[in-house]
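Here's the structure, in structure tokens; my notes come after.
The values are calculated or read from the model by the stated rules, or taken from the named source; none is laboratory data. Predicted model only: the values in this text are computed from it and were never measured. Every residue, glycine as well, gets a Cβ built from its backbone with ideal geometry; the counts of neighbours run over all protein chains shown.
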Amino acid sequence: MPQTADIAIIGAGAAGLAASIFAAKTNPSLHIVLLDGAKTIGAKILVSGGGRCNVTNQKVTASDFHGNRKIIDRILRRFDEQATIQWFDSLGVPLKTENTGKLFPVSNKARTILNALLDECHRLAIPLLTQHSVQSISHEGNRFSIHHSQGCLQARQVILATGGRSLPKTGSNGSGWLLAQQLNHTVTATCPALVPLLLDDNFFHAHLSGISHDVMLTTRVKNRIIDRRTGSLLWTHVGISGPAVMDASRFWILATEQGDQPQIHLNCFSDSAPQEIEQWLIHAMSLPGNKTIHGLLTERLPNRVVTQFTQFLEPNLARTPVNHLPKTMRHNLVQILTNLSLPVIGSRGWNFAEVTAGGIPLTEINPSTMESKKVPGLYLIGELLDCDGRIGGYNFQWAWATGHLAGSHGALDTHREKSQKKE
Ligand SMILES: Cc1cc2nc3c(=O)[nH]c(=O)nc-3n(C[C@H](O)[C@H](O)[C@H](O)COP(=O)(O)OP(=O)(O)OC[C@H]3O[C@@H](n4cnc5c(N)ncnc54)[C@H](O)[C@@H]3O)c2cc1C
């Protein structure tokens, strides 16, 4: 077990693996040690993107993230999506772009990504110490003492890559924030993000379980819109999921945690405003024939969605001929289909969250290097920081970009420090 290192990287998730590879490539003579509390490495990479790992996106900009966008932009520019594509290509992993803009390994297997990263660490002879859970870090002079579950390691530089709290069974349990706080960093309020939401048991979601369709979701606090988005919603036995819901979840959760009472309104027609649906119904009522409400609505919505929504309003509504629809019922139908307040009672929490909202403020790091402004020689990267991306490969791009910056600059600084000592 090494007792000293030039650079200790704590956390061997996406960001930590990237940092160690870039540090070793920048200066192969450095002694780099990668520590992780988990028994097996890369559990989160393996489950990502439904087991396929959505590595990045064809277009990544700061507006795809929440946090200090000015700083996020500066960081992303230094290692962009093209750099990620080239880097994985150099590791023998070609990526393919799907029509959603998401990039995946051609193999369609997250295992290909993890193996490529681990093989590269092995090739660069970086010791990867599993079951080394770091409990405290102290900094004296220009040395860090890292106390972990198997002893103590001294290092000139530390790269903290311990993630947030999403999916804690993979090893990211929030302990990294405590380590950063020991070193004088602050941590903003944190909450699960990109997480499915729970609906009140009395609602009809369970009858729609497994159905997904395009919707528009609007989140409001005291009638003020705080988020609006279109995308796919998936009904589940306990509530709602799918990309649109996952992306919207942070707004509902953050507002709730701040003591507000946010409301999420559902428009089943992702591309039409209520007035347009009203006009569509009025037009349909003027046409000859005896098409039922069910027959009309299923032209644009899934069968079971129509059944549940109309039943919710009035049991016989589905069978009513369109041209017999009373005006008040038409109004109510438009209201429920385009502006239904969903009875959200909570989220599925950290065990189902893909990422963490909040973390160490980006103002506490130097965006050109990821070095701490408070402790020289300390670098902070990945999900640990107050930056979370939307669904689509953005969070991994953040991990690769911050890992690249910290690894290459940490290596250069250590090299400079060592050379100065020799002189
Ligand atoms: C189910 C799921 C699917 C996802 N899919 C995608 C996707 O397809 N595309 C995308 O862009 N993003 C996706 N994400 C998000 C993405 O996985 C994360 O943003 C990214 O992995 C964060 O990387 P990280 O290295 O910062 O943290 P993590 O991956 O969380 O790694 C942190 C590491 O630090 C270790 N650690 C923590 N504390 C300590 C300690 N005290 N001592 C030692 N080691 C410690 C942990 O064991 C862990 O290995 C998904 C997330 C989940 C949960």
Next item on the list: Please work out which residue is nearest to the chain's Cα centre (by Cα), limiting yourself to the range 305-322 and to residues that are touching a residue at least 24 places away in the same chain (Cβ under 8 Å) and surrounded by fewer than 16 Cβ atoms within 10 Å (Cβ to Cβ).
Entry: 312
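Results for (1) out of contact with any strand residue (DSSP E or B) (no Cβ under 9 Å at 6 or more places or on another chain); (2) aliphatic (A, V, I, L, M); (3) in a helix (DSSP H, G or I); (4) in the same structural domain as residue 43 (by TED's automatic domain parsing), shown as yes or no for each residue.
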residue: 93; (1), (2), (3), (4): no, yes, no, yes
residue: 99; (1), (2), (3), (4): yes, no, no, yes
residue: 103; (1), (2), (3), (4): no, yes, no, yes
residue: 112; (1), (2), (3), (4): no, no, yes, yes
residue: 115; (1), (2), (3), (4): yes, no, yes, yes
residue: 121; (1), (2), (3), (4): no, no, yes, yes
residue: 135; (1), (2), (3), (4): no, no, no, yes
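To keep it simple, each residue is scored yes or no on (1) buried (at least 18 other Cβ atoms within 10 Å of the Cβ); (2) free of Cβ contacts under 8 Å to residues at least 60 places away in the same chain; (3) assigned to a strand (DSSP E or B); (4) outside the structural domain of residue 13 (by TED's automatic domain parsing).
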| position | (1), (2), (3), (4) |
| --- | --- |
| 177 | yes, no, no, no |
| 180 | yes, no, no, no |
| 186 | no, no, no, no |
| 220 | yes, yes, yes, yes |
Margin query: Looking at 328, 310 in this structure, which one is touching a helix residue (DSSP H, G or I) at 6+ places or on another chain (Cβ under 9 Å), in the same structural domain as residue 217 (by TED's automatic domain parsing) and of a type in the set (Ser, Thr, Tyr)?
Written below: 310
Next item on the list: Could you tell me which residue of the range 39-65 is nearest to the ligand (Cβ to nearest atom), considering only residues that are surrounded by fewer than 20 Cβ atoms within 10 Å (Cβ to Cβ) and in contact (Cβ under 8 Å) with a residue 60 or more places away in the chain?
Entry: 47
Margin query: Can you confirm whether residue 171 is closer than 28 Å to residue 394 by Cα and of a type in the set (Gly, Ala, Ser)?
Written below: yes
Note to self: Condition (residue is closer than 27 Å to residue 228 by Cβ and within 16 Å of the ligand (Cβ to nearest atom)) applied to the range 144-162: is it met by at least one residue?
What the structure shows: no
Note to self: residue 378 - would you say it is buried (at least 24 other Cβ atoms within 10 Å of the Cβ), in the same structural domain as residue 176 (by TED's automatic domain parsing) and in contact with a Lys or Arg (Cβ under 7 Å, 6 or more places away or on another chain)?
What the structure shows: no
Next item on the list: Please list, ordered by first then second residue, the pairs with beta carbon atoms under 6 Å, 6 or more apart or interchain, first in the range 358-377 and modelled with pLDDT of 95 or more, second of a type in the set (Phe, Trp, Tyr).
Entry: 370/379; 371/379
Notebook entry, point to check: In this structure, is residue 20 in contact with a helix residue (DSSP H, G or I) (Cβ under 8 Å, 6 or more places away or on another chain), over 30 Å from residue 157 (Cα atoms), part of a helix (DSSP H, G or I) and assigned by TED's automatic domain parsing to the domain that holds residue 164?
Noted result: no
Check: (1) in contact with a Cys (Cβ under 7 Å, 6 or more places away or on another chain); (2) within 25 Å of residue 148 (Cα to Cα); (3) more than 8 Å from the ligand (Cβ to nearest atom): which one isn't true of residue 32, the others all being true?
Finding: (1)
Notebook entry, point to check: Which ones in the range 371-394 are within 12 Å of the ligand (Cβ to nearest atom) and either polar (S, T, N, Q) or closer than 23 Å to residue 142 by Cα (or both)?
Noted result: 380, 381
Margin query: Conditions first: (1) touching a residue at least 24 places away in the same chain (Cβ under 8 Å); (2) assigned to a strand (DSSP E or B); (3) over 21 Å from residue 381 (Cβ atoms). Residue 155 passes all but one, so which condition is the exception?
Written below: (3)
